[in-house]
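Participant: Structure in structure tokens, see below.
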Amino acid sequence: MLELIRRWSRALRGMRRDGQPELLDLADRRDLALDARWIGDAATARSRVSEARARRLLTRLLSARQLHELDRHGCFTVRVPERGTFCILPRSTFNVIHLQTGNLYCCTTEAFVPLSDLMLAQKLLLENDPDRFFAAANCRPETFSGPQEQLLRRVLSGEAQEPRAERSLW
């Protein structure tokens with residue numbers, strides 16, 4: 001693995017083994033492409049395993065109502081006392097929508113975390129310490145929400161019927 005990293009580093013600097021700058025020959029380019037694919041495949045596999053583990057944890061900690069919403073819509077709602085109902089969407093930015101106003105909130109970490117872990121963290125924060133969530137979150141007004149968010153908001157708040165084609169992100 002160390003040799004793989006060294007070769008990758010040399011390639012990025014455009015250096016040969018002897019330290020002389022030179023264009024990469026065809027064999028080196030092929031090897032680097034294979035190495036990059038292997039590294040990418042390993043990272044993708046780790047990411048899939050992490051997401052599967054995070055999804056299992058999320059589904060264990062959801063209420064029956066939230067689990068039903070997650071299965072049906074790919075997202076779930078959280079009721080926050082004195083603030084209303086919020087929907088947590090399966091995406092990494094502006095993924096919390098206030099169903100009454102349509103405002104979108106973004107409160108994420110800088111580090112990569114599986115999407116299900118992010119959704120769970122936001123659920124727990126909204127349920128247990130909403131003041132901390134709203135102090136840290138960026139807010140985007142309803143005028144910037146797209147048609148998908150608007151339809152989801154109407155469906156989850158009971159203002160509209162769910163479209164016939166059932167599509168879950170899970």
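The values are calculated or read from the model by the stated rules, or taken from the named source; none is laboratory data. A quick note: this is a predicted structure, and the numbers were derived from the prediction, not measured. When we count neighbours, we look across all protein chains shown, and the Cβ atoms used for this are built from the backbone with ideal geometry, even at glycine. Quick note on the areas: whole protein, heavy atoms, side chains included, nothing else; ligands and nucleic acids left out. Shrake-Rupley method; radii C 1.70, N 1.55, O 1.52, S 1.80 Å.
Participant: Modelled label-to-label distance, ASN138 and PHE112, 7 Å Cα→beta-carbon offset: nm?
Facilitator: Distance between label points: 2.0 nm.
Participant: Students sometimes get this wrong: rank THR85, THR109, THR59 by accessible area, probe 1.4 Å, all chains present, largest first.
Facilitator: Highest to lowest solvent-accessible surface, that is THR109, THR59, THR85.
Participant: Write out the GluC sites (Glu not before Pro) in region 47-88 meeting two conditions: DSSP loop, and at most 10 other Cβ atoms within 10 Å of their Cβ.
Facilitator: Values: sites: GLU51, GLU69, GLU82; in loops: GLU82.
Those that pass, being in a loop and sparsely packed, are GLU82.
Participant: Heavy-atom accessible area of SER50 with all protein chains present, probe 1.4 Å, nearest 10 Å²?
Facilitator: Surface accessible to solvent at SER50 totals approximately 40 Å².
Participant: Continuing with the same structure: Return the FRET efficiency for the residue pair ARG83, ARG60: r is the Cβ-Cβ distance, R0 is 25 Å, and the value is rounded to the nearest 0.05. Mind dumping the intermediate values first?
Facilitator: Numbers: r = 26 Å, r/R0 = 1.02.
According to the calculation, E is roughly 0.45.
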